[in-house]
Each structure stands twice: as C-alpha cells, then as structure tokens.
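Q: Handing you a structure now.
The values are calculated or read from the model by the stated rules, or taken from the named source; none is laboratory data. Note that the coordinates shown come from a computational prediction; the quantities given were computed from them, not determined experimentally. Cβ placement follows ideal geometry from the backbone for every residue including glycine, while neighbour counts extend to all protein chains displayed.
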C-alpha cells in the first residue's frame, strides 16, 4: 500500500520545469546586475582613497599648527623615503622636516605612512612634495587628481587653497 504524498497535499510543490525557470530568471537578473555592482565597487574605492588622502592632508595641517613645525608630504614606495615620481598611488609619507631640506632626512620623524593603492592613479599638480608651514599654510594652491583607468567618469579632485583648506570636486576626465 503506497501513499501518494502529492495527492495527499493537494498537489503542492514545484516541478522541475518551474525550478529551472526560476533559476534561469535569477541568473539573467544577476548577469544584468554585475556591471552596476562593479561600478559601485570602483566608486567606493575612489571615494575611500580620496577620504584617506583628505584625512592625511587635514592631519598634516593640524600637526603643522600644533607643533609649529614644517610638515611635508611626499609619495613613497617604501614608507621611509620620498620618490621623485608624481605617483601618489604608490603610497605616501608625512614627516616633520626639522632640517628644512626638500627631502626627508634620517632624523626627521615620520608621522604617517600610507600603503599603496592598487588600480588608482593619484597625481598632485604641484609635483612630489607638499609642505605645510608652521601656520598650516601651503606655498601655493594645488590639487590632487584621483581616478581609476577602468572608470574615468568617476574621477575626483581634491583642491587645496593657500590657507590649507580643502574641498572635493567630482570630475569627469580622461584618466
């Protein structure tokens, strides 16, 4: 004596065809969503990098004001010395320049070292050295351009004016 469970439940359940159709629809929707999800991830990466750089610049200005010292920032591959290339995505350091030179001396304390940011391009339009004097000012206006080659329309620019103040601008550019 066999019992027919489907008949007892009134035929409730899914057929194989219904399950396959559901999986197919979910798959199509997922494929449509992947490019948008990648764009979202790239936008978040650019915003995070600009926030890191903005935080570093604000910290540098605060240190210059609080300590009354010359504070410098420069790109750095090893977290110890400045590089001569305007590629800030390789990482950067912030140090108190006690000797007053244009590069970090061994006795200049490193206040912050930031690691490499992959997949991004970051350039400073004034070169490879940014300095805050003891009053928190920079020598002249400048800006950092942050972009991702795979998504140049999501570029941002971090603009600094002579007083050391910052503002962030969304920018459409070719990376």
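Q: Please state which one of 140, 116, 45, 58 is out of contact with any strand residue (DSSP E or B) (no Cβ under 9 Å at 6 or more places or on another chain), outside any loop (DSSP other than H, G, I, E, B) and within 27 Å of residue 175 (Cβ to Cβ). Please lay out each step first, then the result.
A: Values: 140 fails: outside any loop (DSSP other than H, G, I, E, B); 116 fails: outside any loop (DSSP other than H, G, I, E, B); 58 fails: out of contact with any strand residue (DSSP E or B) (no Cβ under 9 Å at 6 or more places or on another chain).
The unique qualifying residue is 45.
Q: Checking residue 157 against (1) closer than 25 Å to residue 43 by Cβ; (2) in contact (Cβ under 8 Å) with a residue 24 or more places away in the chain; (3) part of a strand (DSSP E or B): exactly one of these is not met. Which one?
A: (2)
Q: Quick test for you: out of 74, 82, pick the one residue that is without any contact (Cβ under 8 Å) to a residue 60 or more places away in the chain, under 19 Å from the mean Cα position of the chain (by Cα) and buried (at least 17 other Cβ atoms within 10 Å of the Cβ). Walk me through it before giving the result.
A: Numbers: 82 fails: under 19 Å from the mean Cα position of the chain (by Cα).
None of the others qualify; the one that does is 74.
Q: Next question, about the same structure. Are any of the residues in the range 124-144 under 16 Å from residue 48 (Cβ atoms) and surrounded by 17 or more Cβ atoms within 10 Å (Cβ to Cβ)?
A: Just the residues of the range 124-144 that are under 16 Å from residue 48 (Cβ atoms), to begin with: 144.
With surrounded by 17 or more Cβ atoms within 10 Å (Cβ to Cβ) added as a condition, the list becomes 144.
Yes: the range 124-144 contains one or more residues that are under 16 Å from residue 48 (Cβ atoms) and surrounded by 17 or more Cβ atoms within 10 Å (Cβ to Cβ).
Q: Take residue 138 and decide whether it is farther than 13 Å from residue 60 by Cα and either at pLDDT below 95 or in contact with a helix residue (DSSP H, G or I) (Cβ under 7 Å, 6 or more places away or on another chain) (or both). Give the derivation first.
A: Numbers: farther than 13 Å from residue 60 by Cα: no; either at pLDDT below 95 or in contact with a helix residue (DSSP H, G or I) (Cβ under 7 Å, 6 or more places away or on another chain) (or both): yes.
Taking the combined requirement at face value, the residue does not satisfy it.
Q: With respect to residue 19, is the statement that it is assigned to a helix (DSSP H, G or I) and surrounded by 12 or more Cβ atoms within 10 Å (Cβ to Cβ) true? Write out each step before concluding.
A: Values: assigned to a helix (DSSP H, G or I): yes; surrounded by 12 or more Cβ atoms within 10 Å (Cβ to Cβ): no.
For residue 19, the condition - assigned to a helix (DSSP H, G or I) and surrounded by 12 or more Cβ atoms within 10 Å (Cβ to Cβ) - is not met.
Q: So, residue 69, is that one touching a residue at least 40 places away in the same chain (Cβ under 8 Å), buried (at least 17 other Cβ atoms within 10 Å of the Cβ) and not in a helix (DSSP H, G or I) or not? Before the answer, list the steps.
A: Values: touching a residue at least 40 places away in the same chain (Cβ under 8 Å): yes; buried (at least 17 other Cβ atoms within 10 Å of the Cβ): yes; not in a helix (DSSP H, G or I): yes.
When the stated conditions are applied, residue 69 passes them.
Q: For the range 85-97, give me the residue count where each residue is within 19 Å of the chain's Cα centre (by Cα) and under 22 Å from residue 67 (Cβ atoms).
A: The number of residues fulfilling the criteria is 3.
Q: Within the range 96-103, identify whether any single residue is under 21 Å from residue 160 (Cα atoms), touching a helix residue (DSSP H, G or I) at 6+ places or on another chain (Cβ under 9 Å) and assigned to a strand (DSSP E or B), and answer yes or no.
A: Filtering the range 96-103 for residues under 21 Å from residue 160 (Cα atoms) gives 96-97, 102.
Retained after the next criterion (residues that are touching a helix residue (DSSP H, G or I) at 6+ places or on another chain (Cβ under 9 Å)): 96.
Checking the rest, the ones that are also assigned to a strand (DSSP E or B) come to 96.
Scanning the range 96-103, I find at least one residue that is under 21 Å from residue 160 (Cα atoms), touching a helix residue (DSSP H, G or I) at 6+ places or on another chain (Cβ under 9 Å) and assigned to a strand (DSSP E or B), so the answer is yes.
Q: When residues of the range 103-121 are filtered for being at pLDDT 95 or above and surrounded by 19 or more Cβ atoms within 10 Å (Cβ to Cβ), how many remain?
A: 1
Q: Could you please find all residues in the range 20-66 being farther than 14 Å from residue 130 by Cβ and either touching a residue at least 40 places away in the same chain (Cβ under 8 Å) or touching a helix residue (DSSP H, G or I) at 6+ places or on another chain (Cβ under 8 Å) (or both)?
A: Correct list: 39, 42, 43, 45, 46, 47, 49, 50, 52, 62, 65.
Q: A further question follows. Of all residues in the range 160-173, which are without any contact (Cβ under 8 Å) to a residue 24 or more places away in the chain and within 13 Å of residue 125 (Cα to Cα)?
A: Within the range 160-173, just 161 meets the criteria.
Q: Does residue 163 meet the test of being surrounded by 13 or more Cβ atoms within 10 Å (Cβ to Cβ) and over 26 Å from residue 43 (Cα atoms)?
A: Values: surrounded by 13 or more Cβ atoms within 10 Å (Cβ to Cβ): no; over 26 Å from residue 43 (Cα atoms): yes.
So residue 163 fails the test.
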